[in-house]
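J.: Sharing a structure with you now.
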Amino acid sequence: MEDNYAKAYKKVIEILNFVPKESVDKIPKAMIDTFKAKMD
């Protein structure tokens, strides 16, 4: 189950690479840091 979360976090980060920077900037930095720390 944990492996699924790690893969999902990685996919979120990959998707955010295609989202305009102005939109990504609205996401709290702590949340993005958490995704990066827990991704696969």
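Only the coordinates and a few stated rules stand behind these numbers; no lab work does. No experiment lies behind these values; they were computed from the predicted model shown. Here the Cβ positions follow ideal geometry from the backbone for every residue, glycine too, while neighbour counts run over all protein chains shown.
J.: If I ask for residues that are in a helix (DSSP H, G or I) and polar (S, T, N, Q), which ones from the chain would you list?
T.: If the condition is that a residue be in a helix (DSSP H, G or I) and polar (S, T, N, Q), then 4, 23, 34 are the ones that fit.
J.: Right, here's the next one. Six or more apart or on different chains, Cβ atoms under 8 Å: show the pairs whose first residue is in region 10-34 and of a type in the set (D, E, K, R) and whose second is in a loop (DSSP other than H, G, I, E, B).
T.: Correct list of pairs: 10/39; 10/40.
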